[in-house]
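The structure appears right after this line, and notes come after that.
Readers should treat all values here as calculations from the given coordinates under stated rules, not as data from a laboratory. Computed from a predicted model, the values in this text were never measured in an experiment. Note that we place each Cβ from the backbone using ideal geometry, even for glycine, and neighbour counts take in every protein chain shown.
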Amino acid sequence: MSDTKSNPPTPYSQFCLFKNLSYSLFEDDWINMVESWQTMVAVNAPVAEVTINMAPFFANAPRLLPVFHRYMNVAEKDPEFLSTLTTVLLSTSLLIKVQHILQSTQLFAAYVVALKLDDSSASHTEVMQSLQTFLSGIPEDKRLEIQRVFAEEEASDSMGLSTYALDTAMQLLHADTQLYIDILSTLQLNQVENMPWEEVVNKIKALVVAKKPQAWSGIDQFLQGLHWGQQYHDSSLNDMDVETEDDHVLEMVEGIDYYPDEDEEELGSFAEGEEYDLDYASFLQGVQDIQADSFSGNFAKMGVADSRQAVETC
């Protein structure tokens, strides 16, 4: 699945690039990069400008920069590839979680294919059908964990629930993953379908009493706090947020790749010698073409907070 000159980099390869870049950055720097990329793409900034203004974020992972240049050269010639690259970038955090669950290169590669990230003609229904086909073929425990990740992502996006809120709900339900998924889905009916809060609470009560009646008292208090106290609508990290999955947190903090032996070839061979000179010359030409453009000045001062260990395997 490694890149070739005749084919654009696969979504898997794109993920490898962004995953390794994210591990070389502090969380705030990664968020800053993603938001800056979104802003520039939203206003149809030239690809060369995007390349220039993203380059500072590679300061802690210099070996990834030639790969990034090569991918952006492809994007300059193919707008659809830029769209795919953007989709993969925005999905990187979720994809990392799924990769961590699957713990299998083959399964994860199949999952990425099932998402049809590089098929702009695929409808939402087709993607969901493809995804369901993939999920039906993996062990139930892994399927539930992936569905949990999906449910948490949706609840966080639609309701602004913090990691602390999600962890609290899971603990109150005695780690019943399926019930937790069902409750997160039901909670969103208040926003998605404008269902009255009292009706949402009644639906959740019926779910909990039917399966975990001993948990209802705690869940009832949780829902009251969620509705009135607003203490769970906080996207900032707190002490509780960083006390889960110690190994995974250490991996993110220290920049340690969880898969040190997997798929380094997915990033493709690093350009060297004359090949790199040509790639870099093309990049510099793009810089010269837009130096006078005032748009890039808005982003040129971006940087990263501190040096981190570079991680360059997927």
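Sorting W197, W30 on the 10 Å Cβ count, fewest up front, what's the list?
Ordered by Cβ neighbours within 10 Å, fewest first: W197, W30.
Determine ³J(HN,Hα), in whole Hz, for all residues of segment 167-179 in sequence, where each value follows from phi through the Karplus function 6.51 cos²θ - 1.76 cosθ + 1.60 and θ = phi - 60°; x replaces Gly and Pro.
5, 4, 4, 5, 5, 5, 8, 6, 6, 7, 4, 5, 5
Please tell me which of these pairs span more than 30 angstrom C-alpha to C-alpha: K77/K116; K19/K142; K19/K116; K116/K211; K19/K212; K142/K205?
K116/K211; K19/K212
List R143, R148 from most exposed to least, where exposure is judged by having the fewest other Cβ atoms within 10 Å.
Neighbour counts put them in this order, fewest first: R143, R148.
Using a 10 Å cut-off on Cβ atoms, rank the peptides 14-26, 48-60 from the highest mean neighbour count down.
14-26, 48-60
If we restrict to alpha carbons, what Rg and Dmax does segment 81-142 come to, in Å?
11.9, 35
Multiply the residue separation of S156 and A122 by 0.36 nm, subtract the distance between their alpha-carbon atoms, and state the gained length in nm to one decimal.
Extending this stretch completely gives an extra 9.7 nm.
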